[in-house]
Structures are given as structure tokens and as C-alpha cells.
Amino acid sequence: MNASRIALVTGANQGLGRALVEGLAARMDPDDLVLLTGRSHQRVADAAREVTQLPGTRAHVEGRVLDVTDTDAIAHLAEDLRACYGGVDVVISNAIARLLPEESQAERADEFIDVSNTATHAVLRSFGPALRPGGRLLVVASSLGTLGHLTPRLHQLFDGASLDQVEYAIESWRSAIHNKTAEEAGWPRWLNVPSKVAQVAAVRAVAAERREYDLATGTLVAAVCPGMVDTATSRPWFSDFSQAQSPAQAAEAVLDLISAEHVDPALYGELVRFGKALPWHDGTPPVEQDRMLRP
């Protein structure tokens, strides 16, 4: 099809990713294309078909199999979209590895880091150049992604870092976990904290390099915090869901950011929650990470 605008969401079979696809498909035009991606061919096909059949869907929705741990696959998809459509207008990096409280954080570290961090770096590297003027490139993180959630001796690894330096820090963290020296080095036990800080640091690194051009063309690169969301991934970690949003509710603020006519310079390159930037240096390093909850 000859699509006018192209949107892509990773980790979109269910939960927040699925809600973001549904919201984009409802807000975009009939000649636009929303790509719903995930690892399972059957789940991707089923989800795309179900979204297409929703009453509010306007844009064309197409399922694409994408394993975000395959960085070559991410690069190839970006290249294909540039070749077929001249680029992409909305990219939301949303994939996350589900982790249960009873599972060993150290034993799941490689998968968690590959999905949350290595994939984020690949999306930023591959889709940044494919983003058309006026586009939106967003990474779903959380409020734990501010630097203050790490012990101060780790701040230098991420504060003002380039994307290469963020990648080096992540691989150093991974090695420390394997070598059983992570706690001694000051890394939190709960994987979500350094992972989210690194996601936001990666966004900040890329945004710093392209800020002037992007703001001149109305283009936004940012991390987003959707707040507490009731999903299969988050439910095992919370005892009280009375204040949690449904995925559809949580998607609204992200979709509003995407749909905004003008880009607020104060939000560019930042971690944005409900339309406001969270200060990068805020946060208090918790003493015990094992039972922390993802806000």
C-alpha cells in the first residue's frame, strides 16, 4: 500500500504496546499504516486482525514479526521501511522481558538486558536515521529511569554519556552480574533500576546529537513513563492495583505526546510522564531492590 504516515510499535501483542497500536490506529488517517510487532507469528497475526476489526480503527494495521533481541532484524526492518516508504513517522520502543518476583534476577539478566537495553540501543541507532521530519521516536521507560535511583558512584557512567558509553556501561554491568561482583560495584539487585536509567541515558545521548535539527523540524525524541499500568508484566509485583491504569488509559498520555502539533523543547530528550519532564538527577537509591515495584 502507499501509506501516508508509518507508525511502528515493538512488544505490541498485548498490554500497553497493544493499547498504543489501537490508539494510533484510531487517531491516524485511513491511508496511514500502523505496524504491530512481536516475536510470535501467530500472536502478531491474531493481534493485528483483532485491532483491525475494532470499531474505532481508521488506519491500516499490519502485523510484522520482530524479535527485538535480533539487532540485525531491527536494522533490516528500518532499511525496508526507508526503501518502501521513505522512512517512518512514529516509532515506540516498548518491548520488555517479563520477570517474576520468585525468579533469580541474576539468572534472567541476559534476557532482560537484551530486550530492554540492547534492543533500545538498536532501535535508536536504526530508526533514528529513518525518522522523517516531524516524527516521534519514543522509548517506554519508567520513573525509575532517573539518575538518582543509582548510587552516586555509578552516575558518571550515564550522566552526559554518549550512546557508545551507555552501551559500554550496560555490558560492564552484565559482566559484573556474571562475575558476582555487581553488588560490590554498587549495582542494584533489581534489574529494572539500572536498565531503566540506561534506557533514558541512551535516549538523552541520541537526542543531544540531533536536538537542533529535530526542534527545527518539529521532531521529538524522548523517553516516556506511562505510570502504573495493570498488565500481566506488572501484576505480579504489586499488591494494590486500586490506582493502576488500564493499558488503554496509560496509552492516552503517550498518544497525546505523539499527536501534539508542536514539540515542547522542555520535553525533548527527557523522560516524560503525563506531559511533564522528570528531572534527570532526581531519585533516591533504594537500599533493597528485590521487591521494588515498577511505578
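The values are calculated or read from the model by the stated rules, or taken from the named source; none is laboratory data. No experiment lies behind these values; they were computed from the predicted model shown. A quick note on method: Cβ atoms are made from the backbone with ideal geometry, for glycine too, and the neighbour counts reach across all protein chains shown.
Quick check on this structure: which one of PRO129, PRO133 is within 18 Å of the chain's Cα centre (by Cα) and surrounded by fewer than 22 Cβ atoms within 10 Å (Cβ to Cβ)? Full working, then the answer.
Working: PRO133 fails: within 18 Å of the chain's Cα centre (by Cα).
Being within 18 Å of the chain's Cα centre (by Cα) and surrounded by fewer than 22 Cβ atoms within 10 Å (Cβ to Cβ) holds for just one of PRO129, PRO133, which is PRO129.
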TODO: Being surrounded by fewer than 20 Cβ atoms within 10 Å (Cβ to Cβ) and closer than 20 Å to ALA250 by Cα is the filter; apply it to region 11-49 and report the residue that is nearest to the chain's Cα centre (by Cα).
DONE: GLN14
Task: Residue list for region 83-111, filter: at pLDDT 95 or above and crowded, with 21+ Cβ neighbours inside 10 Å - done: VAL88, ASP89, VAL90, VAL91, ILE92, SER93, ASN94
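Within the group LEU157, LEU138, which residue is buried (at least 16 other Cβ atoms within 10 Å of the Cβ), under 20 Å from ILE96 (Cα atoms) and at pLDDT 95 or above? Break it down stepwise before answering.
Values: LEU157 fails: under 20 Å from ILE96 (Cα atoms).
Result of the check over LEU157, LEU138: LEU138.
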Open item on the list: Filter region 56-81 down to the residues that are more than 19 Å from the chain's Cα centre (by Cα), closer than 24 Å to ALA26 by Cα and not hydroxyl-bearing (Ser, Thr, Tyr) and list them by number.
Closed with: GLY56, ARG58, ALA59, HIS60, VAL61, GLU62, LEU81
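Collect the residues in region 136-180 that are assigned to a loop (DSSP other than H, G, I, E, B) and over 16 Å from the mean Cα position of the chain (by Cα), keeping them in residue-number order. Before you say what the answer is, go through the steps one by one.
So the first thing to find is which residues in region 136-180 are assigned to a loop (DSSP other than H, G, I, E, B), and the list is 141-142, 146, 150-151, 158-162, 179-180.
LEU150, THR151, PHE158, ASP159, GLY160, ALA161, SER162, ASN179, LYS180, listed by residue number.
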Task: For PRO188: the one exception among (1) part of a helix (DSSP H, G or I); (2) surrounded by 18 or more Cβ atoms within 10 Å (Cβ to Cβ) - done: (1)
